[in-house]
Amino acid sequence: MTLGSHLTPLARSHIEQADVVFAALSNGVVEMWLERMHPDVRSLQPYYKPGKSRMKTYREWVQVMMTEVRAGKRVCGVFYGHPGIFAWSPHKVIEVARAEGFEAHMEPGISAEDCLYADLGIDPGRFGCQHFEASQLLFYERRIDPAGYLVLWQVALTGDWSLGRLETGPAYRQVLVELLNRDYPLDHELIIYRGATLPIEKPCVRRIALRDLPHVPLTAEETVVLPPATPLKPNSVIRDRLNALDKLYGTSTLA
Amino acid sequence: MPDTIELLEAIGKDASLRHASADELAAALGEAQASEALITAAATGDKEQLAVELGHRQCDPPQVSQGPGHEEEPDQEDGDDTPQRSPAPDRDPSSTKR
Ligand SMILES: C[S@@+](CC[C@H](N)C(=O)[O-])C[C@H]1O[C@@H](n2cnc3c(N)ncnc32)[C@H](O)[C@@H]1O
């Protein structure tokens, strides 16, 4: 995620040993850094067009990468953060390449998610943690667990069914707020988080009330975190069953 | 003048610089004879000059978005709206060709 800090030695080696490198990065300076590592870096950025469905763009990315794979080249796709987290094309291109008999694999990277846990001091294991693409939460019936953390991605694009817009407005985020209000009070404090991309930046952390989400400026790079709103509720039925098992088997040895 | 991208990489890699205060970082960059643009960005967070120095290379907002909230509904295109599967080598390749 951060230039100079978060590229693994193995990922760098893949880049250096590739015949051609495709890049989908969130920052032009990072793209310039990548160009220092390889003479043939091709940006995937020009495939985006306002009004064009991003799904179409993602499919085209798969196609351009596969064209080079089919030509016998060693191809490396570089996607910012972790290439497999909230990113469609990297999974798809690996699937397609393998189905056609090519060797392909994904190298993990440091995601916005990883930076978020570190910068906000959150352990997803403490209360559990759900992650949703913000629009998906609106388009489909999902079950939110307010006893755990809720992390919402791509909130700036909330509710864009067309997948062609650069951002949606306050009215769309208001729908999200109303949905969340089923499980969280309107004064519940949420966190708007942006991790550092350049190493001269600091993470940006804003805390606002849920009701204010439609009215604050929000960029595509920001992630929204809702801390738990309710305590963990003991499951007495299951505890009783486990107690009965403990009595049966004892607690000092494995059954 | 040292190269700005190389300096950024050096800061990103260095434990004492990466989490230095803005003033310390600006001082270190001054000593390294970094460009005014980089020193200003480090000291104040204002990246305007840095963008000029680096030729305004920007990635537009949609570039950040690499995942859709939905794929197609069953009655659209190929109806691939089920939860994502792990890449499966044995998957019918015809379903991925367009
Ligand atoms: C399509 S996802 C790609 C995530 C990427 N693959 C990763 O692993 O970080 C885009 C979303 O990631 C999050 N994101 C991207 N850059 C971020 C940053 N610098 N800080 C916090 N969240 C970020 C935002 O929620 C954004 O809408």
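The values are calculated or read from the model by the stated rules, or taken from the named source; none is laboratory data. This structure is a prediction, so every number in the text was calculated from the model and none was measured. For neighbour counting, all protein chains shown are included, and Cβ atoms are generated from backbone atoms with ideal geometry for every residue, glycine included.
Residues that are more than 23 Å from the chain's Cα centre (by Cα) and farther than 16 Å from residue A:188 by Cα were ranked within region A:206-236; the one that is farthest from the ligand (Cβ to nearest atom) is A:236.
Condition check for residue A:25 on (1) under 29 Å from residue A:203 (Cα atoms); (2) modelled with pLDDT of 95 or more: one failure, at (2).
Taking every residue in region A:204-222 that is in a strand (DSSP E or B) and pairing it with any residue that is at pLDDT below 95, at least 6 positions away or on another chain, yields no pair with a Cβ-Cβ distance below 7 Å.
May I ask you to verify whether residue B:39 is within 11 Å of another protein chain (Cβ to nearest Cβ) and farther than 18 Å from residue A:195 by Cβ? Outline the logic, then answer.
Values: within 11 Å of another protein chain (Cβ to nearest Cβ): yes; farther than 18 Å from residue A:195 by Cβ: yes.
Yes, satisfied.
Among the residues that make up region A:57-79, is at least one of them closer than 14 Å to residue A:223 by Cα, within 11 Å of chain B (Cβ to nearest Cβ) and among the hydrophobic types (A, V, I, L, M, F, W, C)? No. Is there a residue in region A:161-171 that is more than 30 Å from residue A:230 (Cβ to Cβ), surrounded by fewer than 18 Cβ atoms within 10 Å (Cβ to Cβ) and away from chain B (no Cβ under 11 Å)? The answer is yes; a qualifying residue exists.
Might you let me know whether region A:53-71 holds any residue that is surrounded by fewer than 20 Cβ atoms within 10 Å (Cβ to Cβ), touching a Gly at 6+ places or on another chain (Cβ under 6 Å) and more than 15 Å from residue A:43 (Cβ to Cβ)? So far as region A:53-71 goes, yes, one or more of its residues are surrounded by fewer than 20 Cβ atoms within 10 Å (Cβ to Cβ), touching a Gly at 6+ places or on another chain (Cβ under 6 Å) and more than 15 Å from residue A:43 (Cβ to Cβ).
Filter region A:1-46 down to the residues that are free of Cβ contacts under 8 Å to residues at least 60 places away in the same chain and facing chain B (nearest Cβ under 7 Å), then identify the one that is surrounded by the most Cβ atoms within 10 Å (Cβ to Cβ). Let's see the steps before the verdict.
Kept after step one, since they are free of Cβ contacts under 8 Å to residues at least 60 places away in the same chain, are these residues of region A:1-46: A:9, A:12-13, A:16-23, A:25, A:28, A:31-46.
If we keep only those that are facing chain B (nearest Cβ under 7 Å) too, we end up with A:25, A:28, A:31-33, A:36, A:45.
Working: A:25: 24, A:28: 19, A:31: 21, A:32: 18, A:33: 20, A:36: 12, A:45: 18.
The selected residue is A:25.
Beta carbons closer than 7 Å, at least 6 apart along the sequence or on distinct chains, pair a first residue in region A:82-100 that is more than 8 Å from chain B (Cβ to nearest Cβ) with a second that is among the β-branched types (Val, Ile, Thr) for A:82/A:110; A:93/A:62; A:97/A:69. The residue pairs whose first member lies in region A:104-128 and is farther than 21 Å from residue A:146 by Cα, whose second member is part of a helix (DSSP H, G or I) and within 12 Å of the ligand (Cβ to nearest atom), and whose beta carbons are closer than 9 Å, counting only pairs six or more residues apart or on different chains, are A:106/A:90; A:106/A:91.
For residue A:188, the conditions (1) away from the ligand (no atom under 16 Å from the Cβ); (2) free of Cβ contacts under 8 Å to residues at least 40 places away in the same chain all hold with the exception of (2).
With respect to residue A:147, is the statement that it is in contact with a Lys or Arg (Cβ under 9 Å, 6 or more places away or on another chain), over 24 Å from residue A:212 (Cβ atoms) and not in a helix (DSSP H, G or I) true? Walk me through it before giving the result.
Details: in contact with a Lys or Arg (Cβ under 9 Å, 6 or more places away or on another chain): yes; over 24 Å from residue A:212 (Cβ atoms): no; not in a helix (DSSP H, G or I): yes.
Judged against the criteria, residue A:147 is not a match.
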